[in-house]
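Working notes, beginning with the structure itself.
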Amino acid sequence: QKEVEQNSGPLSVPEGAIASLNCTYSDRVSQSFFWYRQYSGKSPELIMSIYSNGDKEDGRFTAQLNKASQYVSLLIRDSQPSDSATYLCAVNEIKAAGNKLTFGGGTRVLVKP
Amino acid sequence: SAVISQKPSRDICQRGTSLTIQCQVDSQVTMMFWYRQQPGQSLTLIATANQGSEATYESGFVIDKFPISRPNLTFSTLTVSNMSPEDSSIYLCSVVRLEAFFGQGTRLTVV
């Protein structure tokens, strides 16, 4: 089982709709969870971080964390064509050698005008 | 946040040669991370570069192939040695404050 799993997509949504992305993780002691957006040929950029159970909203983005079920999700409201990108879920794992981020495989999102 | 300058941004190299990628961070950090992103894939951690000690490599990556230097708390290099076409990827350096920040990436093509 992969440590961080995402549906690879593509997730196709019409402009103005809600895009819903899911991520599950295997390490129960994980403390920090992140969503990155990566445009083709570019580096990942952080769009959301979440550390406690519940919802966290930032503009059109909402992250949801459920540690008991070991999943974290990202909602993109009022999706725009500029939201078309790959979204990477990352989990901070505490290892003996120190903290490191483990990334999921990414979900490709296509927003159609 | 963190500002990370990575270079070169891209290169085309002959098989059998080596390429050294540099990363400069705008402030001191204990650990720097090197990732590889193969076409259409997610990020795979190659190694963690620690100042004052040898890098820690992930399973499947070895020092002879990917030697790393970390001469001070703001700088690191990754060398891709004896390259083959399978090494064609994007290589990214990263630092973690609370979140991870990335350099611009190096797009390597081996011919």
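The values are calculated or read from the model by the stated rules, or taken from the named source; none is laboratory data. If you're wondering where the values come from, they're calculated on a predicted model, not measured in any experiment. Positions of Cβ are generated from backbone atoms using ideal geometry, with glycine treated the same way; all protein chains shown enter the neighbour counts. In case anyone asks, the SASA skips ligands and DNA or RNA and just uses the protein heavy atoms, side chains included. Shrake-Rupley method; radii C 1.70, N 1.55, O 1.52, S 1.80 Å.
If you filter region B:1-37 down to residues that are closer than 15 Å to residue B:89 by Cβ and of a type in the set (Lys, Arg), you find that the one that is farthest from the other protein chains (Cβ to nearest Cβ) is B:15. Among the residues of region A:20-44, those that are more than 8 Å from every other protein chain (Cβ to nearest Cβ), surrounded by 14 or more Cβ atoms within 10 Å (Cβ to Cβ) and farther than 22 Å from residue A:77 by Cβ comprise A:24, A:25, A:26, A:27, A:30.
If the condition is being more than 16 Å from residue B:36 (Cβ to Cβ), under 14 Å from the mean Cα position of the chain (by Cα) and not β-branched (Val, Ile, Thr), then region B:65-111 contributes B:69, B:70, B:75, B:101.
What are the residues in region B:38-54 that are within 11 Å of chain A (Cβ to nearest Cβ), in contact (Cβ under 8 Å) with a residue 40 or more places away in the chain and open to solvent by 20 Å² or more (accessible area, probe 1.4 Å), if any? The answer is B:39, and nothing else. Can you list residue pairs whose Cβ atoms sit under 6 Å apart, with the first residue in region A:45-61 being within 14 Å of chain B (Cβ to nearest Cβ) and the second being among the small types (Gly, Ala, Ser)? Count only pairs 6 or more apart in sequence or on different chains. From region A:45-61, the pairs are A:48/A:63; A:50/A:63; A:51/A:32; A:56/A:63.
The strands (runs of 3 or more DSSP E) located wholly in chain A that include 3 or more residues which are within 27 Å of residue B:38 (Cα to Cα) occupy A:4-6, A:11-14, A:19-25, A:32-38, A:45-50, A:71-76, A:85-95, A:98-103, A:107-112.
Here residue A:82 passes the criteria (1) over 14 Å from the mean Cα position of the chain (by Cα); (2) within 11 Å of another protein chain (Cβ to nearest Cβ); (3) free of Cβ contacts under 8 Å to residues at least 40 places away in the same chain except the one numbered (2). Residue check: is residue B:102 modelled with pLDDT under 95 and not aliphatic (A, V, I, L, M)? So residue B:102 fits the description; yes. Of the residues making up region B:1-37, those that are buried (at least 17 other Cβ atoms within 10 Å of the Cβ) and modelled with pLDDT under 90 number 2. Residues that are hydroxyl-bearing (Ser, Thr, Tyr), in contact (Cβ under 8 Å) with a residue 12 or more places away in the chain and either open to solvent by less than 10 Å² (accessible area, probe 1.4 Å) or within 15 Å of residue A:20 (Cβ to Cβ) (or both) do not occur anywhere in region A:88-106. Filtering region B:55-89 to residues that are open to solvent by 10 Å² or more (accessible area, probe 1.4 Å) and under 22 Å from residue B:26 (Cα atoms) leaves B:55, B:68, B:69, B:70, B:71, B:72, B:73, B:74, B:75, B:77, B:79.
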